[in-house]
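> What follows is a single structure, and I will ask about it in a moment.
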Ligand code: UGA
């Protein structure tokens with residue numbers, strides 16, 4: 001088989017992983033059918049509108065559609081008909097006990113089982129715990145079908161870049177030929193290919209997210225220590241980052257780590273560890289430290305308001321779990337904001353991805369949504385920056401100052417220039433910054 005042979009691929013699920021995966025595989029020259037059962041999502045895709053905020057995704061999807069290499073369907077069964085490879089990219093939310101809920105993976109596998117082409121390869125791209133490849137194999141129950149693990153490492157907000165230029169491709173299979181075939185789908189990238197067994201591959205995914213979460217908890221804890229000893233965390237982290245073994249990536253202190261992956265995956269790994277009787281207290285500590293970071297940020301806002309936010313009007317900039325995405329799942333910003341509301345604050349919030357005129361979604365109930373950052377600041381006792389949207393840097397801070405009740409900023413992302421805003425008359429508190 002030549003390295004660039006065109007393959008027919010089905011992708012099940014057009015979410016944050018499935019959609020970039022489908023568009024990328026089409027870009028690599030494969031013929032891709034993307035199945036999405038949610039009607040509004042599918043309707044948006046069919047008219048070229050992206051159902052998620054993701055830089056460059058619209059162009060990549062449009063390219064695939066125009067070339068006839070990317071098509072959409074509402075039926076997983078139709079998608080797998082004629083497909084040599086079937087990527088499962090369905091959600092694996094957190095169950096009540098912290099483990100990964102595999103019901104969507106299971107039902108997708110059941111639905112397609114009898115429709116798969118003879119010898120098709122099913123690829124688990126959803127984040128699934130150790131043992132899931134064999135679980136899917138059992139559900140499908142056909143000796144001619146191999147299930148391969150191919151974890152996804154893309155980040156929201158940079159999904160297109162991460163998919164086109166991945167750091168590595170991991171393929172786990174108990175059948176080496178199937179692993180090689182899946183690896184070849186990505187031969188257009190120059191990424192190193194790690195071929196291993198399914199258990200190891202499934203572990204790599206959780207290990208990566210758990211390591212990143214632990215790194216961030218360390219960084220946030222270090223920033224807290226810097227505040228106590230009077231060191232400047234930014235310079236401390238600069239001093240760390242130049243050490244090539246540490247590096248600069250994932251060294252930004254913040255309000256705590258969140259999103260749809262790190263919190264859920266760290267808990268799932270902890271759950272796996274406890275199931276096998278392994279004491280992973282280091283990881284438990286990283287999770288607890290993250291909860292502590294949210295409380296520290298709430299404390300900073302209280303301090304900025306003279307010790308209590310009860311009855312205070314606060315401006316909040318940023319509600320998504322990080323910039324360049326519209327995703328608010330497990331957003332540290334929302335966790336901080338809801339705690340402030342519980343403490344008696346009125347929160348006037350602005351986020352570039354939230355339309356204050358639309359029906360208020362459940363996670364934003366109790367907040368006063370505003371259409372621009374200046375409106376959010378009106379009569380506020382403090383301005384709290386919770387998501388690092390770049391546009392917040394370039395606002396007219398004289399205008400912000402003029403409408404606020406008190407000139408106080410709590411910058412939980414270290415986004416602003418403290419010297420510049422202090423010169424204008426603001427009181428400024430960052431994370432680990434003097
Ligand atoms: C994460 C991983 O980074 C991806 O490799 C992985 O594929 C993905 O989960 C997944 O499992 O699907 P993502 O959830 O998109 O990606 O977000 P990250 O960029 O990892 O950020 C996670 C949280 O850490 C955010 O709240 C972010 O604001 C925070 N963060 C990140 C910091 O506070 N400081 C940093 O320096 C970096």
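> Answer yes or no as to whether residue 14 is within 16 Å of the ligand (Cβ to nearest atom) and at pLDDT 95 or above.
Taking the combined requirement at face value, the residue satisfies it.
> Condition test on residue 114, is it in contact (Cβ under 8 Å) with a residue 60 or more places away in the chain and more than 22 Å from residue 51 (Cβ to Cβ)?
For residue 114, the condition - in contact (Cβ under 8 Å) with a residue 60 or more places away in the chain and more than 22 Å from residue 51 (Cβ to Cβ) - is not met.
> Here is a further query. Can you tell me which residue among 87, 153, 72 is within 26 Å of the chain's Cα centre (by Cα), at pLDDT 95 or above, part of a strand (DSSP E or B) and within 16 Å of the ligand (Cβ to nearest atom)? Don't jump to the end; show me each part of the working.
Values: 153 fails: part of a strand (DSSP E or B); 72 fails: within 16 Å of the ligand (Cβ to nearest atom).
That would be 87, the only listed residue that is within 26 Å of the chain's Cα centre (by Cα), at pLDDT 95 or above, part of a strand (DSSP E or B) and within 16 Å of the ligand (Cβ to nearest atom).
> Residues of the range 336-350 being touching a helix residue (DSSP H, G or I) at 6+ places or on another chain (Cβ under 8 Å) and either touching a residue at least 60 places away in the same chain (Cβ under 8 Å) or within 16 Å of the ligand (Cβ to nearest atom) (or both), which ones?
Listed by number, the list holds a single entry, 336.
Condition check ((1) surrounded by 19 or more Cβ atoms within 10 Å (Cβ to Cβ); (2) touching a residue at least 12 places away in the same chain (Cβ under 8 Å); (3) more than 30 Å from residue 119 (Cα to Cα)) across all residues:
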{"residue": "183", "(1), (2), (3)": "yes, yes, no"}
{"residue": "194", "(1), (2), (3)": "no, yes, no"}
{"residue": "221", "(1), (2), (3)": "yes, yes, yes"}
{"residue": "230", "(1), (2), (3)": "no, yes, yes"}
{"residue": "247", "(1), (2), (3)": "no, no, yes"}
{"residue": "256", "(1), (2), (3)": "yes, yes, yes"}
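> Hey, another quick one. Restricting the search to the range 292-318, which residues are in contact with a strand residue (DSSP E or B) (Cβ under 6 Å, 6 or more places away or on another chain) and either away from the ligand (no atom under 16 Å from the Cβ) or within 18 Å of residue 361 (Cα to Cα) (or both)? Give the steps one after another, and end with the answer.
The first filter runs over the range 292-318 and keeps only residues in contact with a strand residue (DSSP E or B) (Cβ under 6 Å, 6 or more places away or on another chain), leaving 300-301, 304-305, 313-317.
Within the range 292-318, 301, 304, 305, 313, 314, 315, 316, 317 meet the criteria.
> Restricting attention to the range 131-149, report how many residues are surrounded by 22 or more Cβ atoms within 10 Å (Cβ to Cβ) and not in a helix (DSSP H, G or I).
Residues flagged as surrounded by 22 or more Cβ atoms within 10 Å (Cβ to Cβ) and not in a helix (DSSP H, G or I) within the range 131-149 amount to 4.
> Now a separate question. Residue 179 versus (1) within 16 Å of the ligand (Cβ to nearest atom); (2) in contact with a strand residue (DSSP E or B) (Cβ under 9 Å, 6 or more places away or on another chain); (3) in a helix (DSSP H, G or I): which is the lone unmet condition?
Of everything listed in (1) within 16 Å of the ligand (Cβ to nearest atom); (2) in contact with a strand residue (DSSP E or B) (Cβ under 9 Å, 6 or more places away or on another chain); (3) in a helix (DSSP H, G or I), residue 179 misses just condition (1).
> Just checking, which of 260, 333, 289 is more than 25 Å from residue 151 (Cβ to Cβ), near the ligand (Cβ under 9 Å from one of its atoms) and surrounded by 15 or more Cβ atoms within 10 Å (Cβ to Cβ)?
When all the criteria are applied, what remains is 333.
> Moving on to the next point. Looking at (1) touching a strand residue (DSSP E or B) at 6+ places or on another chain (Cβ under 9 Å); (2) part of a loop (DSSP other than H, G, I, E, B); (3) farther than 22 Å from residue 23 by Cα, can you tell me which one residue 97 breaks?
All conditions pass for residue 97, except number (1).
> Also, quick follow-up: Those residues that are within 17 Å of the chain's Cα centre (by Cα) and part of a loop (DSSP other than H, G, I, E, B), I need them from the range 254-283; list them, please.
254, 255, 256, 257, 258, 259, 260, 261 - these are the residues of the range 254-283 that are within 17 Å of the chain's Cα centre (by Cα) and part of a loop (DSSP other than H, G, I, E, B).
The values are calculated or read from the model by the stated rules, or taken from the named source; none is laboratory data. Since the structure is predicted, the reported quantities are computational estimates derived from the model, not experimental observations. Because the Cβ atoms are built from the backbone with ideal geometry, glycine has one as well, and the counts that use them run over all protein chains shown.
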